[in-house]
Structures are given as C-alpha cells and as structure tokens.
Amino acid sequence: MKPMIKIIETDVVIDFLRGKDQDTNEKINELINQGVDLRITQTTACELWYGVYRLKSRKKQISEIKKLNMFLLNFPEILTLDNDSSKIYGEICAELDNKGLRVPQFDLLNASIAVANKFALITRDKRHFLRINDLSEFDFLELW
C-alpha cells in the first residue's frame, strides 16, 4: 500500500523547529507513527532559510543553520514546482487578483504544489489558504 503523503507548510514547520508548541509536536509525531510521508516544498525551504539569515545575532544564526540542516536531512525529496503546479498557480492567482483577494505568493506556490500533486497541505494559516482552497477542485487543506 502506498503511504499517504502530506505537506507541512512553513508555519507548522517553524512551530515544530522552535519546539515550543507541544500540540504541533504531538500531531507530527502521530502522523509519523501512522506512516504518513511528510514532505515540505522548495518554497518552505526558501522561507526557512530566509528566516535563519534574517537573524541579527551571528551566534544564533549559526545555531539555527545547524538545526535547519539537520531538519532538512529528514526530507530527501523536497517538492518543487512543475508544469501542472505552475498552471494551477497562474489560474488561482489570476482569479484571486480578479476578486481583489490577494494572497502572499509563497502561500500560493505551496498550495499550487499541493493541488497539483493531490496532497493535503497542513497549515495554521486559515486566512490565506481558505481563499485558495475555495478555488481548487481538490480540497487540499488540513487546518490545525
């Protein structure tokens, strides 16, 4: 049987890495124990690296670089944009723009990858992702 694949979005990854939200850690560990194949997108990896390099303290930055490198080793395959997800991105972005419902581009890129692959996307961001989910033929959202 093929394992279920779910994408963990940037906000959930940050909570997990900070280790301050016991609920997030428990939910992620529960998914792993159930055999769910958790993935991240290239967009999330970019956002995480941006956050690390924005740190003002060089000592903290070095510490976080090590932590992020160790975390990323758990993801031998990071999901990227392809022709299908790029098309979905363009369609949903144009429709949201036409409705005056702007969504941050990174959120839209993550959602497009999830929709194209028909993978659930786990996030806490109800405000932006609900708009995108409403325009998708596939209900890809798993809100925590």
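Readers should treat all values here as calculations from the given coordinates under stated rules, not as data from a laboratory. The shown structure was predicted, so the numbers you read here are calculated from the model rather than taken from an experiment. Cβ coordinates were reconstructed from backbone atoms using ideal geometry, including for glycine residues, and neighbour counts include every protein chain displayed.
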Q.
Loop only by DSSP, 11 or fewer other Cβ within 10 Å of the Cβ. Give me the GluC sites (Glu not before Pro) in the stretch 46-116 that pass, ordered by residue number.
A. Glu77
Q | Subset of Lys66/Lys126; Lys20/Lys60; Lys27/Lys126; Lys6/Lys60; Lys67/Lys126 violating a 21 Å alpha-carbon distance limit | A | Lys66/Lys126; Lys6/Lys60; Lys67/Lys126
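Could you tell me which of rounded, prolate or oblate describes the stretch 5-72, using a ≥ b ≥ c as the square roots of the eigenvalues of the alpha-carbon gyration tensor, with rounded for a/c under 1.5 and, failing that, prolate when a/b is larger than b/c and oblate otherwise?
Values: a/c = 2.46, a/b = 1.74, b/c = 1.42.
Since a/c reaches 1.5 and a/b is larger than b/c, the shape of the stretch 5-72 is classed as prolate.
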Q | Whole-Å semi-axes of the ellipsoid equivalent to the chain (Cα gyration tensor, √5λ, descending) | A | 26, 19, 14
**Q.** Residue-wise HN-Hα coupling along the stretch 33-50, computed from phi with Karplus coefficients 6.51, -1.76, 1.60 (Hz; x: Gly, Pro)
**A.** 5, 7, x, 6, 8, 7, 10, 10, 9, 4, 4, 4, 4, 4, 4, 5, 5, 4
Q) Helix 105-117 sits at what angle to the longest principal axis of the chain, using alpha carbons and giving 0 to 90 degrees rounded to 10? A) 70
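In the stretch 48-130, what trypsin sites (Lys or Arg not before Pro) fall in a loop by DSSP, with at most 16 other Cβ atoms inside 10 Å? Display every interim value, and only then the final one.
Numbers: sites: Arg54, Lys56, Arg58, Lys59, Lys60, Lys66, Lys67, Lys87, Lys99, Arg102, Lys118, Arg124, Lys126, Arg127; in loops: Lys56, Lys99, Arg102, Lys118, Arg124.
For trypsin sites (Lys or Arg not before Pro) across the stretch 48-130 that sit outside H, G, I, E and B with at most 16 neighbouring Cβ atoms in 10 Å, the list reads Lys56, Lys99, Arg102, Lys118, Arg124.
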